[in-house]
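Below is one structure, written out as structure tokens; the observations come after it.
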Amino acid sequence: MQRQSMFYCDGTLIPEPEHNPRQVNNWVTVFLNARDSTASDEDLLRLVATYIRTGAATISVRPMHHAYPLCISIKVPGNYHSNKASIYAAAELQADHYRQEVVAGRVSINREMLFRKY
């Protein structure tokens, strides 16, 4: 079963597979503030990368953006990361990649999911 993603690619919501305990994935989550809703997608992803780089992020086995608003989870697949710093470095690179794709006009953030109210 697919779950809603935090990102659109070329206007189509990217499907996100359900958690599979047989696959090793880490998710790095950054919590934002409601006031960030006025920031551009590029600025939001720059902020996410900065939070990850400074360690102001959470690592888990599932994306937290399904359970909580105001957060973006970045997938870091594989079990070859030997420590937290390696996971954070991979997530920062992925966030920067998403930012570059935003600048190129191919990716956008699912703002309805990010800034939803509970």
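I'm trying to understand the selection: among the residues of the range 103-118, which are in contact with a helix residue (DSSP H, G or I) (Cβ under 8 Å, 6 or more places away or on another chain) and either part of a helix (DSSP H, G or I) or surrounded by fewer than 13 Cβ atoms within 10 Å (Cβ to Cβ) (or both)? If you could, list the steps in order and put the result at the bottom.
Of the range 103-118, the ones in contact with a helix residue (DSSP H, G or I) (Cβ under 8 Å, 6 or more places away or on another chain) are 103, 107-109, 111, 113-115.
Selection gives Val103, Arg111, Met113, Leu114.
Condition (residue is touching a residue at least 60 places away in the same chain (Cβ under 8 Å) and loosely packed, with under 15 Cβ neighbours inside 10 Å) applied to the range 14-29: is it met by at least one residue?
No; the residues of the range 14-29 include none that is touching a residue at least 60 places away in the same chain (Cβ under 8 Å) and loosely packed, with under 15 Cβ neighbours inside 10 Å.
Would you confirm, using the coordinates I've provided, whether Ile52 is among the hydrophobic types (A, V, I, L, M, F, W, C), within 20 Å of Gln23 (Cβ to Cβ), in contact (Cβ under 8 Å) with a residue 40 or more places away in the chain and surrounded by 14 or more Cβ atoms within 10 Å (Cβ to Cβ)?
Working: among the hydrophobic types (A, V, I, L, M, F, W, C): yes; within 20 Å of Gln23 (Cβ to Cβ): no; in contact (Cβ under 8 Å) with a residue 40 or more places away in the chain: yes; surrounded by 14 or more Cβ atoms within 10 Å (Cβ to Cβ): yes.
It is false that Ile52 is among the hydrophobic types (A, V, I, L, M, F, W, C), within 20 Å of Gln23 (Cβ to Cβ), in contact (Cβ under 8 Å) with a residue 40 or more places away in the chain and surrounded by 14 or more Cβ atoms within 10 Å (Cβ to Cβ).
Filter the range 94-118 down to residues that are within 21 Å of Arg35 (Cβ to Cβ) and among the aliphatic types (A, V, I, L, M), then give me how many there are.
Residues in the range 94-118 being within 21 Å of Arg35 (Cβ to Cβ) and among the aliphatic types (A, V, I, L, M): 5 in total.
Here is a list: Ser86, Ser82. Which entry is without any contact (Cβ under 8 Å) to a residue 24 or more places away in the chain and either surrounded by 15 or more Cβ atoms within 10 Å (Cβ to Cβ) or in a loop (DSSP other than H, G, I, E, B) (or both)? Give the derivation first.
On the way: Ser86 fails: either surrounded by 15 or more Cβ atoms within 10 Å (Cβ to Cβ) or in a loop (DSSP other than H, G, I, E, B) (or both).
None of the others qualify; the one that does is Ser82.
So which residues in the range 65-108 are within 12 Å of the chain's Cα centre (by Cα) and among the β-branched types (Val, Ile, Thr), if there are any at all?
Ile72, Ile74, Val76
Quick check on the range 75-102: of everything there that is modelled with pLDDT of 95 or more and touching a helix residue (DSSP H, G or I) at 6+ places or on another chain (Cβ under 6 Å), which residue is farthest from Thr12 (Cα to Cα)?
Going through the qualifying residues, I end up with Tyr88.
Are there any strands (runs of 3 or more DSSP E) wholly within the range 1-48 with 2 or more residues that are at pLDDT 95 or above and closer than 14 Å to Lys75 by Cα, and if so which?
Details: elements: 2-9, 12-17, 25-31.
Correct list: 25-31.
Got a sec? Which of Val24, Val48, Val28 is touching a Gly at 6+ places or on another chain (Cβ under 9 Å) and under 17 Å from Ala91 (Cβ atoms)? Even if it seems obvious, please write down each step before you answer.
On the way: Val48 fails: touching a Gly at 6+ places or on another chain (Cβ under 9 Å); Val28 fails: touching a Gly at 6+ places or on another chain (Cβ under 9 Å).
The unique qualifying residue is Val24.
For the range 51-79, enumerate the residues that are assigned to a loop (DSSP other than H, G, I, E, B), out of contact with any His (no Cβ under 6 Å at 6 or more places or on another chain) and under 21 Å from Phe115 (Cα atoms). Explain how you work it out, then say what you get.
Filtering the range 51-79 down to residues assigned to a loop (DSSP other than H, G, I, E, B) leaves 54-57, 61-63, 67-70, 78-79.
Restricting the remaining residues to those that are out of contact with any His (no Cβ under 6 Å at 6 or more places or on another chain) gives 54-57, 61, 63, 67-70, 78-79.
Within the range 51-79, Ala56, Ala57, Pro63, Ala67, Tyr68, Pro69, Leu70 qualify.
The values are calculated or read from the model by the stated rules, or taken from the named source; none is laboratory data. All figures in this text were calculated on a predicted structure; none of them were measured in a lab. Cβ sites come from the backbone with ideal geometry, for glycine too, and all protein chains shown count toward neighbours.
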